[in-house]
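Have a look at the structure below before the remarks.
Every read-out reported here was derived from the displayed coordinates using simple, explicitly stated rules and does not represent laboratory data. Please read these numbers as outputs of a predicted model, since none were measured by experiment. Cβ sites come from the backbone with ideal geometry, for glycine too, and all protein chains shown count toward neighbours.
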Amino acid sequence: MKGLLILSGLGIIAMLAEIFKFKKLLLPIVLLGIVAAYATNFMDWNKNFGISYFNNMIAFDNLALAFSGIILVTAFFWFILANDYFEEDSNTVDHFALVLFALVGALMLTSFKNMTTLFLGIEIMSIPLYVLAASKKNDVKSNEAGFKYLIMGSLASGFLLFGIALIYGASGSFDLLEIKSYITNNVASMPAFFYVGVVMLLIAMCFKVSAAPFHFWAPDVYQGSPTLITALMSTIVKTAAFVAILKLFMVSFSNISQLWSATLAVIIALSLIISNFSAAMQSNVKRMLAYSSISHAAFMLMVVLANVRSSLSVNALVFYSLAYSIGSIVAFGVLYNVSRKGNEGIEAFNGLGKRNPLLAMCMSVAMLSLAGIPVTSGFFAKYFVFTTMIGTGYKWLLILAVTTSAIGVYYYLKIIIAMYFKSSDGEEVVVVEKSQTLVIVLTTVITLVIGILPNLIGNMFEF
Amino acid sequence: MLTLLLIAFPFLGALILFFSKTSAAKTIALGITLVEFIISLGLFFLYKHNPDNCQLSFEKDWVSNLGIRFDIGIDGIGLLLCLLTTFLLPLIVLSSFKNEYEKPFNFYGLMLVMQSALLGVFTANDGFLFYVFWELALIPIYFICLLWGGEDRGRITFKFFVYTLFGSLFMLVGLIYLYNHTNVNGLKSWNIIDLYNAGHALNATQQSAVFWLIFIAFAIKMPIFPFHTWQPNTYVNAPTQGTMLLSGIMLKMGTFGVIKWLLPVVPLGVEEWGGTAIILSVIGIIYASCIAIVQKDYKRLIAYSSIAHVGLISAGMLAMNQQGIQGAVMQMLAHGVSVIGLFLIADILLRHTGTRDIDKLGGIRSMNGNFAVLFLIIVMGAVALPLTNGFVGEFLLINGVYQFSPTLALFAGLTIILGAVYMLRSYQKIMLGERTDSNVAFGALAGSDKAVLIIVCIVIVTFGVYPKPLNDIAEEGVKQLLTYIK
């Protein structure tokens, strides 16, 4: 809870920075704040188990703390990477504040216990991102991205709200656990509109994590937004949305899984096929990463589908989110530096192996991790998903996932090949700021370390 | 502990090379691989002295809550392949002394990493560890082919990587499925014996499914018809040392995998589908031999001959009898040695005459008699003439297939005739006959090349005349394996 308060406070401080003229100090303050939030988070671990705030609207149990931790770590690295993104624009402080408020929303999503906090969390997280997506004011594409994101996001929010209303109409409560007990008590006699409500929630959440067939906004928005904002969207926002799905469907609606599991299976299958085939055909790296993030979303949804409420699947999701977020930070960090001249095509990576060997090596590790090759963290992430899935009746989906992830290797390797095999027109060296190099190297090392020692976080939950 | 040293030593050597960026990488790599060979000889004598020596295994928890252990150890068949790997690596390094590679420290470093991973595959006693080493072996060879390969390397290595990874992922699913069926006091386990038991407990349909999931990975790696399409281009395009690693050792990962990780795991599945797989292998033998006959590029010819050889190996071991599996082990060793000699010869031809095109070569014997003799001995080994090391394995293999089905043995036996056709025919064209314009002066062989060829020839003849030490270990290993199958 303290972490949430600290971040909100930071957001307000960031807005005051312009008036009181401490813009230069803002980044250190924010970083310190995030560290502090993480520290309080860490101290609550295993302690306040079950203690809730605001009439059980929010509770920071271990699950919430673990995912908040992932989000905060990612945010910490992101802010260092984004250092000069904030310097470029005149309205720095607004950007700081917006990102911080988006983080507040994300943390709310990890900890909500009530449908109203779910809705608040999603809105608090999304609205700043609509603005940030359009933050390159003179770029048509960026404006298009912001606009599309806003329209599609609002549509999804509409679905979400309607779904919540229908569920409230049937169960008479916003509280997750009360809804759960309502389901257990009235399995036979639930009104049809309750089911409609559940499916609407599912659709809304699939919009947010951009699972097919609700993914159409994602490639355009990812491509149009400034690279670092895309990084933010594909790491922190995704992670937060997944905790929300995990909580909704594995806690509240787990007893009526026969209702939503078939739908979810189709959504996953479509996501796997569409994303991997489309990604293989992209020449714009950001667009490719957008499609690849859809495929990763499908993998994470598979854990929810398996619906084994056990330590195994929660661990799998925690691990996957962390592995994916860290891998993406590396990938986007490198992409950001490589595409400074405006070329985001795959040819921007040509000859990077010569132009900046360190960066090329980090990118290779990131790509291998996203592709799921041992001994990177991405491999164990995939492995955990496979283990949760293999006990279920959805073996066909597992085979599909295996097949499509082999296709996935195709487009990740394309970048590695471009870096080492193709030569660029000019052999100019890619210069990277020290702080950014540090972040990229550090996240690469983390990718390898948790790939070799998955026990570090692979068994956080035992119940 | 010694087994751990065996795996860790080349890896540490590789790290030294990566970070020192020394230009003397060749010599250092040669030194490291020679020391490694001595370590494995040590293992060999320890094992011969006392096969149950506890020093030879090493266990440690890795991911304890999932039952994953770092569990390595030596058994008969694994020992032979470790010997093969550690014996071939110095030869491969030595054979590269005449080639100048850019950034040699990376090249040799990757080679050593690859050696580590291969030895890991041959010694792993934990299903998960086996998979990790299996995949790990793929990454260095991918970069070796990508960074130092020929013309069209981007596209070709890519196909190679995706193809093999595709198979591996299915194997992973199969292994996880088995793991899910293990039960050791209520816990799941990745230990090989537990996986064997879990496999045996499955019914025939489940075993068949697991058989195909796992077999595809091995079939692609070997490769068996119709999963072979990545192989010829990759072999031809890779740098010579990469090709040697691929065909000399990496191919054995597939055959070794079948012997240790497939036959004892799902015997019913093998009984059900082994026949189909043998037919595919035999088709591969004939098909690849026929294509080899009409090849113009000598390196490509060897690539196809490799498919034919591995087809016979796989047919023999899938027959699941003592002779077949033992023959497969012996033939793996023989093929590894002779194919390295052949690929070196292809490289020598290219370096001395500027071409590997069989039609453009001729009359080299009159220019370099020593080379002709060495080449001939290696060719004899490859066509499995009696008193060469290839003969023992091939004889046992055909014997094994015969016990399974005489008709199939008849077709599989064609490999002897067809092999003789393409091998001797190409030898004749290259070495005998009229001199052609392109090779007016062949010149003397370089010292390092000569050394490698002579060592290969010595091994071919020695173990052709006296195969007993290796054969005894293979026989014991296979007997032990068959107890798991029955």
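Over chain B, dividing the summed -39,500 (n - 2.57) contributions of all DSSP H runs of at least 4 residues by the number of residues returns a 222 nm mean residue ellipticity of -25000 deg cm²/dmol.
Between A:Asn343 and B:Ala441, take the C-beta separation as r, use R0 = 60 Å, and let me know the FRET efficiency to the nearest 0.05.
E between A:Asn343 and B:Ala441, to the nearest 0.05, is 0.75.
All C-alpha pair distances within chain A, sorted into 20 Å bins from zero, spread as 26, 60, 14, 0 percent across the bins. Using the alpha-carbon atoms, what tilt in degrees (0 to 90, nearest 10) does helix B:2-20 show relative to the longest principal axis of chain B? That helix lies at roughly 50 degrees to the long axis. Decide, for region B:198-260, between rounded, prolate and oblate: order the square roots of the alpha carbon gyration tensor eigenvalues as a ≥ b ≥ c, take rounded if a/c falls under 1.5, and otherwise choose prolate if a/b is larger than b/c, else oblate. Because a/c hits 1.5 or more and a/b exceeds b/c, region B:198-260 counts as prolate. In region B:1-58 the Cα-Cα distances spread across 10 Å bins starting at 0 as 23, 43, 23, 11, 1 percent of all pairs. Here's the picture: a label point sits 7 Å out from the Cα of A:Leu438 along the beta-carbon direction, and within region A:7-35 the residues with their amide nitrogen under 17 Å of it are A:25-35.
Counting Lys +1, Arg +1, Asp -1, Glu -1, what net charge surrounds B:Glu102 among other residues with beta carbon under 14 Å of its beta carbon?
Taking every Cβ under 14 Å from that of B:Glu102, the sum is +4.
As a calculated quantity, the FRET efficiency between B:Lys360 and B:Ile458 at R0 = 51 Å, using C-beta atoms, amounts to about 0.95. Percent of Cα pairs in region A:298-405 per distance bin of 5 Å, from zero to the largest separation: 2, 12, 20, 19, 15, 11, 9, 7, 4, 1. Rounding to the nearest 10 and keeping the result within 0 to 90°, find how far the Cα-based axis of helix B:447-465 lies from the longest principal axis of chain B. Value to nearest ten degrees: 60. The mean sequence distance of close C-alpha pairs (under 8 Å, at least 6 residues apart), as a share of the length of chain A, puts its relative contact order at 14 percent. Relative contact order for region A:89-136: 42 percent, from Cα pairs under 8 Å spaced at least 6 residues apart, divided by residue count. For the pair A:Ala165 and A:Leu448, the difference between a 0.36 nm per residue extended length and the Cα-Cα distance amounts to 97.4 nm.
With a cut-off of 20 Å on the backbone N, the residues of region A:361-391 near the modelled label site 7 Å out from A:Ser311 along Cα-Cβ are A:380-391.
Relative to the longest principal axis of the C-alpha atoms of chain A, give the angle of the C-alpha long axis of helix A:23-44, reported between 0 and 90° and rounded to the nearest 10°. It is inclined by approximately 40 degrees. Between A:Ile29 and B:Glu476, the modelled label-to-label distance comes to 7.5 nm, taking each label 7 Å out from Cα in the direction of the beta carbon. Quick check on my link table: of A:Lys23/A:Lys136; A:Lys148/A:Lys180; B:Lys21/B:Lys252, which ones sit more than 25 Å apart, alpha carbon to alpha carbon? Beyond 25 Å: A:Lys148/A:Lys180; B:Lys21/B:Lys252.
Cα centroids of region A:220-277 and region B:129-167: how far apart, whole angstrom? Here the two parts' Cα centres lie 32 Å apart. Taking label positions 7 Å along the Cα-Cβ direction at both B:Lys486 and A:Asn138, the computed distance is 8.4 nm, reported to one decimal. Could you list the residues of region B:310-328 with an amide nitrogen less than 11 Å from a label point located 7 Å from the Cα of B:Ile279 in the Cα-to-C-beta direction? No residues fall inside that zone.
Straight-line cross-link partners of B:Lys360 among the aspartates and glutamates, defined as a Cα under 14 Å from its Cα and at least 8 positions apart when in the same chain: B:Asp297, B:Glu434, B:Asp437.
Estimated translational diffusion coefficient (Stokes-Einstein, Kirkwood radius over Cα pairs, 37 °C, 0.692 mPa s) of the protein assembly as shown: 110 µm² per second. Bridgeable aspartates and glutamates around B:Lys98 (alpha carbons under 15 Å apart, same-chain partners fewer than 8 residues away excluded): B:Asp347, B:Asp449.
Taking each DSSP H run with n ≥ 4 as -39500 (n - 2.57) and averaging over every residue of chain A yields -25000 deg cm²/dmol at 222 nm. The Cα center of region A:189-212 and the Cα center of region B:411-470 differ in position by 70 Å.
Counting Lys and Arg as +1 and Asp and Glu as -1 over every other residue whose Cβ lies under 14 Å from the Cβ of B:Thr86, the net charge comes to 0. With each label modelled as a point 7 angstrom along the Cα→C-beta vector, the B:Glu102-B:Ile417 pair spans 4.9 nm.
Our summary of shape: the Cα atoms of chain B have principal axis extents of 74, 57, 46 Å, ordered from largest down, in whole angstrom. Here the average projected area of the convex hull drawn through the C-alpha atoms of region B:273-486 stands at 11.4 nm². Note on B:Leu187/A:Ala39: beta-carbon distance plugged into 1/(1 + (r/R0)^6) with R0 of 56 Å gives a FRET efficiency of 0.95. Couplings 3J(HN,Hα) for region B:393-403, derived from phi with the Karplus relation 6.51 cos²θ - 1.76 cosθ + 1.60 (θ = phi - 60°), are x, 5, 4, 4, 4, 5, 4, x, 5, 4, 5 Hz, where x marks Gly and Pro. Computed over chain B, relative contact order equals 15 percent, with contacts defined as Cα pairs under 8 Å that lie 6+ residues apart. Each residue of region A:127-137 was assigned a 3J(HN,Hα) from its phi angle through the Karplus curve 6.51 cos²θ - 1.76 cosθ + 1.60 (θ = phi - 60°); the sequence is 4, x, 6, 4, 5, 5, 4, 9, 6, 8, 5 Hz, with glycine and proline shown as x.
With respect to the cross-link table entries A:Lys113/A:Lys247; A:Lys137/A:Lys238; B:Lys159/B:Lys296, which display a Cα-Cα separation exceeding 18 Å? Over 18 Å Cα-Cα: A:Lys137/A:Lys238; B:Lys159/B:Lys296.
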